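Q: Just dropping this structure here.
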Amino acid sequence: MSRPLRVIFAGTPDFAAASLAALLQSQHRVVAVYTQPDRPAGRGRKLTASPVKSLALEHDLPVRQPESLKSAEVQAELAAFEADIMVVVAYGLILPQAVLDVPRLGCLNVHASLLPRWRGAAPIQRAIEAGDSESGVTIMQMDAGLDTGAMLLTRRTPITAATTGGELHDTLATLGGEAMVEVLDALAGEGLAATPQPLEGVTYAAKLSKAEAELDFTRPASELAARVRAFNPWPVTWCAFGSERLRLLMAEAMRLPDDESAATPGTLLKHDADALRIACGPQGNEVLRVTRAQLPGGKPLPARDLLNARNERLAPGRILGQTSEESA
């Protein structure tokens, strides 16, 4: 019969909190929680606890927030919890080899991709941006490399033409918690075989930057639509709208109908009842169909509402992606 494991949990954002919540509902005992130090947030820049810390405090768990895990004192304190295993989910700190070696069963990570594809910082958004048909989570044994450890379990989920970064994040957060509990249950019992990652198919998911969010309408419609969805809810794609910005939150790629002529990339074409249509592609003969957007100073709204309320600012023929000086 399996014995519940003593677990140290290390994580910081909402994605990690979903795994901690799953562990708290399992047979295993969370003996300590490690999370990033409180950071300034909001307009007042008030020090704010991470989602993982907030959840841990709700359950009266010991919380530790070291700036680093490199010091001997921090490592000794971690070892004193006598954990069987350490579960790491989007923690944000590098685990030195000395820490990896502390738990009896090592350290496990919930990674939001089907490894070895999309190692690195932003696997959820990069999978959508690249047009992948599926994503998933991998539970892996941690080693000194960047997401290079042996795999214990994978769980898959489809990426559709309507999947946003936020939606995939939430799906994988839940899937990751379920998968981690399944792995811990197996390790507490008869064990679980680890599989080395394949040498082929390795890709890296670079950290997102706000600079990437500006759309270039000379790019193919399929590429732009994927980026719009991937970058929703952050950093949110945008284009110049006079001297301001129009934010695009949901879009799909379409072919230009035979009865319409190509236009300068970025040109607003005749709209559908519920979508903005923007000419794009190198020849301006593709269409980015935008169904949700945010005008400067406004709220994110369905395109239908924007067209009904302020159609004069979105009149066909206007070219997006140009400053007011360029369009003069």
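Q: List pairs: first in the stretch 89-115 and within 21 Å of Pro4 (Cβ to Cβ), second small (Gly, Ala, Ser) and in a strand (DSSP E or B), Cβ under 9 Å, 6+ apart or cross-chain?
A: Filtered contacts from the stretch 89-115: Val89/Ala10; Val89/Gly11; Cys107/Ala10; Val110/Gly11.
Q: Among (1) of a type in the set (A, V, I, L, M); (2) part of a helix (DSSP H, G or I); (3) assigned by TED's automatic domain parsing to the domain that holds Val30, there is one condition Ala225 misses while meeting the rest; what is its number?
A: Going through the list (1) of a type in the set (A, V, I, L, M); (2) part of a helix (DSSP H, G or I); (3) assigned by TED's automatic domain parsing to the domain that holds Val30, Ala225 breaks only (3).
Q: Does the stretch 149-159 include one or more residues that are within 30 Å of Pro235 (Cα to Cα), in a loop (DSSP other than H, G, I, E, B), small (Gly, Ala, Ser) and assigned by TED's automatic domain parsing to the domain that holds Ala16?
A: Taking every residue of the stretch 149-159 in turn, at least one turns out to be within 30 Å of Pro235 (Cα to Cα), in a loop (DSSP other than H, G, I, E, B), small (Gly, Ala, Ser) and assigned by TED's automatic domain parsing to the domain that holds Ala16.
Q: Also, quick follow-up: Which number in (1) assigned to a loop (DSSP other than H, G, I, E, B); (2) free of Cβ contacts under 8 Å to residues at least 24 places away in the same chain; (3) under 22 Å from Val102 (Cβ atoms); (4) not polar (S, T, N, Q) marks the one condition that Arg43 misses?
A: (3)
Q: Could you run through the stretch 21-49 and say how many residues are under 18 Å from Ala188 (Cα atoms) and in contact with a Phe, Trp or Tyr (Cβ under 7 Å, 6 or more places away or on another chain)?
A: The number of residues fulfilling the criteria is 3.
Q: Given Arg289, Arg318, which one is within 14 Å of Ala221 (Cα to Cα) and basic (Lys, Arg)?
A: Result: Arg289 is the single residue among Arg289, Arg318 that is within 14 Å of Ala221 (Cα to Cα) and basic (Lys, Arg).
Q: Could you go through the stretch 60-80 and let me know if any residue there is out of contact with any strand residue (DSSP E or B) (no Cβ under 8 Å at 6 or more places or on another chain), outside any loop (DSSP other than H, G, I, E, B), in the same structural domain as Ala173 (by TED's automatic domain parsing) and acidic (Asp, Glu).
A: So far as the stretch 60-80 goes, yes, one or more of its residues are out of contact with any strand residue (DSSP E or B) (no Cβ under 8 Å at 6 or more places or on another chain), outside any loop (DSSP other than H, G, I, E, B), in the same structural domain as Ala173 (by TED's automatic domain parsing) and acidic (Asp, Glu).
The values are calculated or read from the model by the stated rules, or taken from the named source; none is laboratory data. None of these values were measured; they are calculated from a predicted model. Reconstructed Cβ throughout: ideal geometry from the backbone, glycine too, with neighbour counts over all protein chains shown.
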